[in-house]
């Protein structure tokens, strides 16, 4: 009996002890969860511990506190966990009604969550334009269907790369290496509708045999296959779009200098169906599948207009072509939504570069174009996501003219200008001091990225007043004065830069009278029988007596580059110097006394600064150097005629040097700064004041581009909001 009584007593003591330890253990677990949440920030582990507290404790007060903390943890994890936070707070209200203070706190949290949810839902329905971030690069890419990635060309190598918009990280699809190793490059890239593949152009003229065609890769670059390769008689292919059903790639194929084609390429077996052929006078631009996949939408130049485009349609079923949008203004395709009917385009019909929306039904416009966004400036479209968001890139590059003081005989003595000259327009370049020292002429671009409009400005350096001249040509580059300061000579083109791949390629020389404004064509390269320009003018200058001009002409057909002197009155020409391409020179500058021309000769391995008598004769080399980049050097004489200034392009900057024509070591004058420091990256078009120690120059600077997104403008999302109907 005694032993039995002792055993009962021991069991009772153990029972009481265990009962008293349970709440204490729950409290310790709660404190541990708090430490995970507040001290370590490990919210997931904290939630697991709070859930364990609720399961093991019999104390309603402690359980209610743990349930409240679970809701707070989910709240801290962001809007993705908002629903779980709401459920957690609601459990406090439902399961622990007797814990009045904790229930009050939970109800406050629920109210805040519901208000935030209501505000977010309202914002999600309103038209919005938002900056997403900064891109590594820009060019020929596209947004992925889910909006997470952007494909683009890395211009440091020519490789195709992909940027993750959520992390900013990038990875490569191709791995060809530096330009020094290979000149192969990617071009356009387009995502498959399901986002599982990328089609892209691959151009490799270094390999034997050459490869020019289209490849398809997985987004991580692990699997790549060739879909299409141009035949020997074809020149190049360009990826334009991926059909909405994922079965076809739309490509533009250039068969020759005069024949262009639209081709449908089967993603499954690579078979090709030619939809349409175009001659050089009526060639297409910027094409894609229509939203429903039944047509091809593309840009075509308006008749007898070298700049403005209209939008056209081609039926995939029967190849019939018809106009889609015809307007005296310039219209450019931006993208087609995946809703089966919405097409976005840019137009300057209101005087600014605006974004418009049309709805297609059976290949015809339903209703009137709707204005979506005014004055969107110069953009490169990245396309639509599957949920109707439109992405684009806003390039951050500038062309400006700077004026700096300098001493050519002393090292590092160019004063770095803080800002460019003031001007009207989107860009300016090609400065030139007049021989009398009274004026600074330059070219101002008053247009947009899609449509340039060039104006020659002549600024009086004393009064700051300007004269403006409108030669009327599509492209202008370089200015040189006649010795009497009355006439200006400029390189020009009546075709847009897109025809030749660069604004530096021109085929005309024009003469502008600064007193009357009269414009005359001095010389121009003629089209061949295939309407192709084969001879381009790269640099110009005027003789000291004003009777002749000098110009550099590169002939693609004859594979040579020549320095030519042309008599203005008779048109007679004399070749002063000639080299075989690609050993070609580009830039010339006449000495102040008129006896010599300085020229920069460029070949694959060297950049050479030479001088040659203006009447012809032997050249004399002043110096040479190995280039760090493919950019060419520019040159100009100092006003005393004793030195030649020249640029030395580097990877991300340009240096300005001086070399004496009498010999000696060259001097680095300064401007050795990168593209993000002093606002200059590439320096060109040097011009020296005839009497004062000033040098003016053009500068091209580029910063990382901005990525933007427009949302809630498609009709089913906005119900008329965010847009304005075009007035008829």
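Peptides 141-150, 57-66 ordered by packing proxy, namely the average of other Cβ atoms within 10 Å per residue, highest first: 141-150, 57-66.
Placing pseudo-labels 7 Å out from each Cα toward the beta carbon at residue 544 and residue 595 gives an inter-label distance of 0.8 nm. With a Förster radius of 35 Å applied to the beta-carbon distance between residue 79 and residue 58, the computed FRET efficiency rounds to 0.50. Spin-label pair residue 35-residue 486: with each label point 7 Å from Cα along the Cα-Cβ axis, the two points sit 9.4 nm from one another. Listed by Cβ neighbour count within 10 Å, with the fewest neighbours leading, 668, 709 appear as 668, 709.
Using the Cβ-Cβ distance between residue 42 and residue 603 with R0 = 56 Å, the FRET efficiency computed as 1/(1 + (r/R0)^6) comes to roughly 0.35.
When 543, 434 are arranged by Cβ crowding within 10 Å, least crowded first, meaning fewest neighbours, the order is 543, 434. A Förster radius of 22 Å, combined with the Cβ-Cβ distance separating residue 175 from residue 211, puts the computed FRET efficiency at roughly 0.90.
The peptide list 84-94, 31-41, put in order of mean Cβ contacts within 10 Å with the highest first, becomes 84-94, 31-41.
Every number here is computed from the coordinates shown, using simple stated rules; none is lab data. Since the structure is predicted, the reported quantities are computational estimates derived from the model, not experimental observations. Backbone-built Cβ (ideal geometry, glycine too); neighbour counts: all protein chains shown.
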